[in-house]
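Take a look at the structure below.
Bear in mind that the values in this text are calculations on the coordinates, not laboratory data. Since this is a predicted model, take the numbers as computed values, not measurements. Cβ placement follows ideal geometry from the backbone for every residue including glycine, while neighbour counts extend to all protein chains displayed.
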Amino acid sequence: MKSDIKLIDKEGKRLDGRKRDELRPIKIEVGPLYRADGSCYIEWGGNKILAAVYGPREALPRHIQHPLRAVVNARYNMASFSVEDRKRPGPDRRSTEISKVISEALEYVILTEQFPRAMIDINIEVLDAEAGTRCAGLTAAAVALADAGIPMRDIPVACAAGKIDGQVVLDLGKEEDNFGEADLPVAIAPRTDEIILLQMDGHLTVKEFDEAIELAIKGAHVVSELQKKALLAKYAVAKEVKQ
Ligand code: CDP
């Protein structure tokens, strides 16, 4: 969407003072939920999101079972108080779409063939939303899966890049998402840089698209380090206590 709002000033700073290739502040906590098999709480800029994983457990009802592998069900939900205009509770087109793309991305890295007839449930609850919730939600879900001890080929991670005021920038905030020209959420398996989720809202030239993907992947690698640090912080302490 074109607008008259200036999103980048003369010094190249964005509305919140960030540089073009700078992420919003990110905080990741592993295992805040007692009952879930694995969980994660993430704060990413103004986003506050909880992810809870249950499973692998017997897939029920039985007709959803796959004889050779586990079924992965991610469910993305926005709390009604997470956005300014109260969101009507329950699934809508947007949350169904986000649940689908996140399920498919995570299914790609989980070793589902180790758990025939099982299901793995991943609940992503957005408590506070400030753009980029699918990336933050997938990133939290990946940490929750690792916390649940679910075998994966890699710990997936996501980050978006986009275009504002004619420039390709990393990790759009709320105004940038509303008034910018494009948003490109990307999720990768960071060990191989395989792209496991790629969506685009808005318009980019081929050159800008390449630049945005490269920037998003770079950002995802920074977030990946934070995921690993958070997991180590929990399990390094657990190991110390055990000794
Ligand atoms: O959150 P994400 O960028 O992955 O998805 P989006 O569909 O591009 O939504 C961008 C932002 O719009 C969300 O993060 C929310 O802050 C906001 N939004 C809203 O205010 N009300 C909704 N019903 C849905 C989204």
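Observations
- Applying the criterion of being within 13 Å of the ligand (Cβ to nearest atom) and not in a loop (DSSP other than H, G, I, E, B) to the residues of the range 106-133, the residue that is nearest to Pro190 (Cα to Cα) is Thr133.
- Of the residues making up the range 22-46, those that are of a type in the set (Asp, Glu) and in a loop (DSSP other than H, G, I, E, B) are Glu22, Asp37.
- Filter result (touching a residue at least 60 places away in the same chain (Cβ under 8 Å), within 16 Å of the ligand (Cβ to nearest atom) and buried (at least 18 other Cβ atoms within 10 Å of the Cβ)) within the range 27-86: Ile42, Trp44, Gly45, Asn47, Lys48, Ile49, Leu50, Ala51, Ala74, Tyr76
- The residue of the range 150-169 that is nearest to the ligand (Cβ to nearest atom), among those that are under 18 Å from Ile98 (Cα atoms) and touching a residue at least 60 places away in the same chain (Cβ under 8 Å), is Ala158.
- Being charged (D, E, K, R) and within 16 Å of the ligand (Cβ to nearest atom) holds for only one residue in Asp183, Asp147, and it is Asp183.
- Single match in Ala131, Ala142 (criterion: in contact with a helix residue (DSSP H, G or I) (Cβ under 8 Å, 6 or more places away or on another chain) and farther than 29 Å from Leu7 by Cβ): Ala142
- Members of the range 118-164 found to be of a type in the set (Gly, Ala, Ser) and under 21 Å from Ala216 (Cβ atoms), listed by number: Ala129, Ala131, Gly132, Ala136, Gly137, Ala140, Ala141, Ala142, Ala158, Ala160, Ala161, Gly162
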